[in-house]
Structure formats: C-alpha cells, structure tokens
Amino acid sequence: VGNYKRTVKRIDDGHRLCNDLMNCIHERARIEKVYAQQLTEWAKRWKQLVEKGPQYGTVERAWCAFMSEAEKVSELHLEVKGSLMNEDFEKIKNWQKEAFHKQMMGGFKETKEAEDGFRKAQKPWAKKLKEVEAAKKAYHAACKEEKLAISRETNSKADPALNPEQLKKLQDKVERSKQDVLKTKEKYEKSLKELDNATPQYMENMEQVFEQCQQFEEKRLRFFREVLLEVQKHLDLSNVASYKNIYRELEQNIKTADAVEDLRWFRANQGPGMSMNWPQFEEWSADLNRTLSRREKKKASDGVTLTGINQTGDQVSQPNKHSSSLSVHSNTVQSVQSSYNPFEDEEDTGSTVSEKEDNKIKNVSSYEKNQSYPTDWSDEESNNPFSSTDANGDTNPFDEDTPPAMEVRVRALYDYEGQEQDELSFKAGDELTKMENEDEQGWCKGRLDNGQVGLYPANYVEPIQ
C-alpha cells in the first residue's frame, strides 16, 4: 500500500529532466557561439599578419586559405548554435509546457490525477487488508489466551490446595478460550478469503492507472529520443555538404602552391629579372645640392642617438632584415620573447587572445613585404646599425591602423533583456558607457553605471548630446 508513489514521482522527474535537457543544449550552444567568435577573430588577425608579412605568391594564397576556412567554419558553427536554440531548445520548452500543467496550489495536474487514480483503485483493497490484519491480530490473541488457560489448568491438577470449584473454573476458561480461537480463526479466514477475492479487481484497477502513467512516460521518452536525434543532426557537420566543400577547397588551394612559380615571380619582380635603372649621365642642377648629404648629417650630430626606443614599453621594434645586428637590441628582443609563455593566456573564459599576447604576436615578422630599402650606400657607413630607413622604429608593420575607441556616453532607446551571460540588460532611457565601436554583427561593448561590462545591440542606443 502506497508504493505507487514511485510511479507518481516519475512525472515530476520528467518535468525536471526537460529543464536539464534544455540547460544541456543551451550550454552547448554557448560553446558553439564562443568557438565561432574565436575562429573569426583568429582569422581576421592572422589574415592581416600574413598579408603584411614577407610571404608572397601562391604559398601566401595557400596560407590565407586557412583563414578563409576558419571564417566559413565559424559561420557553420553559428548556424549550429542557432539550430540548437531556435529549434531544439524551443521544441523542448513548448513540449514541456503542453505536457505538464501547473496547479494554483503547486504541483502538476498530471501528478495529482495519477495519485488520485492510484488511491481510488487501492482504497477498497486497502480497507479489506485492514480488516484482515485486525482478524489476524484477534486470532493470534485468542491462541495466546488458549495456551495460557491450558497451562494454568495443567498446573492446577498438580496442586492439592485447589478445591474442585476452582479447578472447574479453570476448565471452563479453557473451553471458552478454545471457542474464541475457533471463532476468531473463522473470521480471520473469512476476511482473508474476501481479500483474495478482491485482489484480481484491485490488480486490474491499479494496472489500469499504472498503464496511463506508462503511456505518459512513453511520450516523454520518445520525445527525448526524437530531440536527441535532431540535436545529433545539427551537431554532425560531417554530413553537411558545405562543410566537406570547405576542406575540399582548402586542399585544392594548398595544392596550387607552386614553389617554382613563386621563385620565378620573385626573380622577375625582386631579382635579376626586374627592370634595371642603370646610372646615366645627369646634368647638374642647383636644386640637387640643397639637401645635406648623409655624411654631413652624421657630422652634424654629436654622438649616436638611439631612436629604436618605444615609449610604451610593451613592444620592441624589430631590426631591418638587411641591417647589421646590434647586440644590445637583440638581447632585449630575446629577453622579451623568452618571458612569453604561449599558454599563459589560455583561460577557459570564452575570451579571445589578450591584448598583451596580441602585441607580442604582432612581432611575428621582421619586415613588410612592401617595405622600401635604401638606394644610396657608402663604404664608411656600412657598419652603422641605424642606417636603415626604418631603423628608428617609427613604423611597425603589424600595428593596428585604427586607434582604440574612446568611451562615449549613450542612452538606451528601447528595453533590452540580455539573452546570454555576456550581454547587458537595460531599460529605455538608461544611460551607459560605450567602450568599443560596433562590430560586423552589429554589437557594441559597453559598461553600465553599476560596473557590469557586456555586449548590446548597437541600434538600441543613441549618443548623448
């Protein structure tokens, strides 16, 4: 009696399992989103580095093909995230709402119906069971009393002090106890027989309610299986034709890299095959001698001025590939690079490479592919490490072209409720600080007055005049 509660509890567990499955899918969708963002940022950064770097020709195009692959894969993973949230998550949410109906007093209607059904089916049988227990208790008490009366009578026969009247009372007590035993036994057997007769109907009624619970649970189990199969299809990019095409195209781009072709191009554009400008006789002109020669500039300066120092302190300018090596400078570069651990910034926070690492990775190459080289030369100045046109460190081929965005106060035009943990929530009229300009997806990074930092749609705010 009462063991049906395990079956009833399964209904409440089904509602909780729907929440668990939704949370599971939501977390996976966030992972897909973060991975897609990281791929896009990685591709953008390295595409700039390769394009500005010294690599050229077909190998450069093959290298850049990896960045194109990352951008396309990023789009596919954003589609996966959208499918998980817009289709699978919403499907579970709607099914849960239709399958489970909350009551005003708490709990679910389905749970109450199942519990009432089991209780109603069990009530008649439980009542007869209670009668059987009472009859059994009475029968056992009569048997105990009979045994006690027989024992007293037996002992009294051996006691000469008892008179015949007392002995007669003990014998009468034995007879009555025997009659009670027979009477209670008959009642016990009768109630037990009635219980046995009611058992088939009881089992039928209980099984009917149990089958209803089974059918409800079967719907949930089949639905979960259906949803999990759909999630599997959304996650399995190996069956997506465009995903296979990405790597087929990547392989083709890599195979088109031709060392002979690149060497031929370099010979024609940067080597002996390029057009020559041989010295020819030139007439004297007064304007040609107005500028100081390099030798006169050197004599005009007192000592040597170190111009390769960067005031920011977090970057070291790379020496020109064709200039002489400087021991102090190379030691400085070595010390900065040796202190860099490529794994120290890899935190599981969903963020991209830090600015510190970004500054370090900008020094991947020592010069730009389109860098200009000095055309004049002198035997006396060949050992001057600062004779290169870009030795002053004023230009870094990998510096960002755009300065960091200034913080701007903006006002919310509409209410916005953050859909993700990294998004801000605000009401129309609220003021906040814009920290970064709008990205390609139309999002801005901002800070609320309470210090919370996150993303928000750019078209939801306006600058404060």
Looking at region 89-111 only, could you name the residues that are in a helix (DSSP H, G or I) and touching a helix residue (DSSP H, G or I) at 6+ places or on another chain (Cβ under 9 Å)? F89, K91, I92, K93, W95, Q96, A99, E110, T111
Which number in (1) modelled with pLDDT of 85 or more; (2) assigned to a loop (DSSP other than H, G, I, E, B); (3) closer than 27 Å to S74 by Cβ marks the one condition that G429 misses? (3)
Determine whether region 68-88 contains at least one residue that is of a type in the set (S, T, Y), assigned to a helix (DSSP H, G or I) and surrounded by fewer than 18 Cβ atoms within 10 Å (Cβ to Cβ). yes
Return yes or no: is E145 open to solvent by 60 Å² or more (accessible area, probe 1.4 Å) and either over 20 Å from T199 (Cα atoms) or touching a Lys or Arg at 6+ places or on another chain (Cβ under 8 Å) (or both)? yes
Pick from region 168-197, criterion among the basic types (K, R) and at pLDDT below 90, ranking: farthest from V132 (Cα to Cα): K168
Being in a strand (DSSP E or B) and either of a type in the set (A, V, I, L, M, F, W, C) or farther than 24 Å from V34 by Cα (or both) is the filter here, so list the residues in region 434-465 that pass it. M435, W443, C444, V453, L455, V461, E462, P463
Please find, among E133, E115, the residue that is surrounded by 18 or more Cβ atoms within 10 Å (Cβ to Cβ), more than 32 Å from the chain's Cα centre (by Cα) and part of a helix (DSSP H, G or I). E115
Test set (1) in contact with a Ser or Thr (Cβ under 9 Å, 6 or more places away or on another chain); (2) part of a loop (DSSP other than H, G, I, E, B) - A141 fails condition number: (2)
Selection from region 228-243 of residues that are β-branched (V, I, T) and either over 20 Å from the mean Cα position of the chain (by Cα) or farther than 20 Å from L76 by Cα (or both): V240
Any chance you could count how many residues in region 148-167 are loosely packed, with under 11 Cβ neighbours inside 10 Å and modelled with pLDDT of 80 or more? 0
Selected residue (only one of E431, E436, E420 is in contact (Cβ under 8 Å) with a residue 60 or more places away in the chain and not basic (K, R)): E420
For region 256-276, the count of residues that are in contact (Cβ under 8 Å) with a residue 40 or more places away in the chain and open to solvent by 100 Å² or more (accessible area, probe 1.4 Å) equals 1
Test result for A114, modelled with pLDDT of 90 or more and assigned by the TED database to the domain that holds V174: yes
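The values are calculated or read from the model by the stated rules, or taken from the named source; none is laboratory data. These numbers were taken from a predicted model, which means no experiment stands behind them. Every residue, glycine as well, gets a Cβ built from its backbone with ideal geometry; the counts of neighbours run over all protein chains shown. These accessible areas exclude ligands, DNA and RNA; they are computed on the full protein's heavy atoms, side chains included. Shrake-Rupley method; radii C 1.70, N 1.55, O 1.52, S 1.80 Å.
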